[in-house]
1. Quickly run through segment 130-155 and pick out the residues that are part of a loop (DSSP other than H, G, I, E, B) and over 18 Å from GLU186 (Cβ atoms).
2. Could you list all residues from segment 91-143 that are in contact with a strand residue (DSSP E or B) (Cβ under 9 Å, 6 or more places away or on another chain), crowded, with 20+ Cβ neighbours inside 10 Å and charged (D, E, K, R)?
3. From LYS211, LYS235, LYS263, LYS285, grab the single residue that is within 22 Å of VAL29 (Cα to Cα) and either surrounded by fewer than 20 Cβ atoms within 10 Å (Cβ to Cβ) or more than 22 Å from the chain's Cα centre (by Cα) (or both).
4. Against the conditions (1) more than 26 Å from GLY158 (Cβ to Cβ); (2) out of contact with any helix residue (DSSP H, G or I) (no Cβ under 8 Å at 6 or more places or on another chain); (3) in contact (Cβ under 8 Å) with a residue 40 or more places away in the chain; (4) more than 14 Å from the ligand (Cβ to nearest atom), where does GLU34 fall short? Just the number, please.
5. Could you identify the single residue in ARG28, ARG97 that is within 16 Å of the ligand (Cβ to nearest atom), charged (D, E, K, R) and either more than 23 Å from TYR182 (Cβ to Cβ) or not in a strand (DSSP E or B) (or both)?
6. Just give me the residues in segment 176-197 being charged (D, E, K, R) and within 11 Å of the ligand (Cβ to nearest atom), in sequence order.
7. I'd like to check something: does segment 57-66 contain any residue that is surrounded by fewer than 18 Cβ atoms within 10 Å (Cβ to Cβ) and in a helix (DSSP H, G or I)?
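Read-outs throughout are calculated quantities, based only on the coordinates presented, and are distinct from any laboratory measurement. Keep in mind the model is a prediction, meaning the values are calculated, not measured. Reconstructed Cβ throughout: ideal geometry from the backbone, glycine too, with neighbour counts over all protein chains shown.
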Amino acid sequence: MALFDDRLMEVSGNVCFDEPMKKHTTFRVGGPAEAFVTPQTVSEAASVIRLCREFGKPYFILGNGSNLLVSDKGYRGVVIRMGRAFGEIRVEGSRMRAGAGAALSQTAVRACGASLSGLEFASGIPGTVGGALVMNAGAYGGEMAQVICGAAVLTKEGEVKHLNRDDLQMGYRKSCILPMSYVVTEAEFVLEPGDEEQICAKMEELAARRKEKQPLEYASAGSTFKRPEGHFAGKLIMEAGLRGLSAGGACVSEKHCGFVVNKGGASAADVLKVCRQVRERVFQKFGVILELEIRLLGEFDPPFEA
Ligand SMILES: Cc1cc2nc3c(=O)[nH]c(=O)nc-3n(C[C@H](O)[C@H](O)[C@H](O)COP(=O)(O)OP(=O)(O)OC[C@H]3O[C@@H](n4cnc5c(N)ncnc54)[C@H](O)[C@@H]3O)c2cc1C
C-alpha cells in the first residue's frame, strides 16, 4: 500500500489521505476517503486512473457530491475530484464548451450573459457539468440531453475520446458514462440564440419556484428517489403519511417529501434507515418500488439495493 501511495504522490501533487467525505457532499455526510486526488490537468487525471488500474485500486470520480451518499465508514479507494481546474467555460457562437468541473449554475449564467437559451432549467442544480452529464440532470421540463451535443472523456485505459450526442445514450437520469467507466473532462452544448432579459427572467422564476417548494435550508442530495413511471415519488411518500419520518438527524422533508434531509448531525446510516422505511411503506401502500436517485459510495451494512 505504501508503494501505491508513493506512486500516487509521484503522478499527482494534489493528494490527501483520510479525507472526510462529509466536506465534499451536499448531504454533509460520509466517512474518510483513503486517498483524495484533485487533478489539475487531463493528463494528470489519466495518470491517476492508469495507476489505480495497475494496482487494482478502486477509484471514484467526484463532481460536487450533490447526488451522493457516502458510507459512514468512508471509501477504501481513491476519490478523484474533477474540480476547479476543469472549470473553464467558453462561448463559441451558439455553442458552449464547459469543463467537467464547471458549476452547472455558472454555465447557465454564462449562457444567459451570451443571450443563449436552453440552460435555464439548470441554473438551480448544484452539480458540476460532469456530474450533470452523467446523471442527465433535469428540472422543470428541461434536461441535459436536450442541450448536450458531445463530450470529451477519458476511457478506463486513460485515453482521450470524443463522444457525440448519440454515443452518450442519455435517458432518464442516466447516460453511458457510468456503465462505460468514462471520466467526463469537457461537455459541449448547443443552444438557441435568445433574449438575455427573458432568459434571466426565466431563471429567476425557476429559482423562486425552487425556493418555495424545496427544503434548500437543509443539507440534502436533492430528490432522493427517481420518479416511478406514472407517479411522483414525493406525492407517494406524502400520501403514505411519511412526511417528517425521521431516524437520528435524517428525515423526510416536511416541505417536500421527495427529499430526505440532514437536519444536523445525520449519519449515512440514518439517511438509509429513512430510505428503507420509505421504500417499504410506499410499496406496502401503493405496490410501487422506489429506486434511489442518489448514488451510494462505500460499504453499507446491511447493503442497500439501490
Ligand atoms: C438542493 C438540490 C437540488 C437538486 N436539484 C436537482 C434537479 O432539479 N435535477 C436533477 O437532476 N438533480 C438535482 N439535484 C441532484 C444533483 O445536483 C445532480 O444530480 C447533479 O447533476 C450531480 O452533479 P455533481 O457534480 O454533484 O455529481 P456527484 O454527486 O459528484 O456525482 C454524481 C455521479 O456522477 C459521477 N461523476 C461526477 N462527475 C463525473 C465526471 N466528471 N466524470 C464521470 N463521472 C462523474 C459520480 O461518480 C457519481 O456517480 C439536486 C441536488 C440538491 C442538493
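1. Residues satisfying the conditions are TYR140, GLY141.
2. GLU120
3. Details: LYS211 fails: within 22 Å of VAL29 (Cα to Cα); LYS235 fails: within 22 Å of VAL29 (Cα to Cα); LYS285 fails: within 22 Å of VAL29 (Cα to Cα).
Just a single option satisfies the conditions, and that option is LYS263.
4. The one condition GLU34 does not meet is (1).
5. Details: ARG97 fails: either more than 23 Å from TYR182 (Cβ to Cβ) or not in a strand (DSSP E or B) (or both).
Result: ARG28 is the single residue among ARG28, ARG97 that is within 16 Å of the ligand (Cβ to nearest atom), charged (D, E, K, R) and either more than 23 Å from TYR182 (Cβ to Cβ) or not in a strand (DSSP E or B) (or both).
6. At the first step, the residues of segment 176-197 found to be charged (D, E, K, R) are 186, 188, 192, 195-197.
The one that is charged (D, E, K, R) and within 11 Å of the ligand (Cβ to nearest atom): GLU186.
7. no
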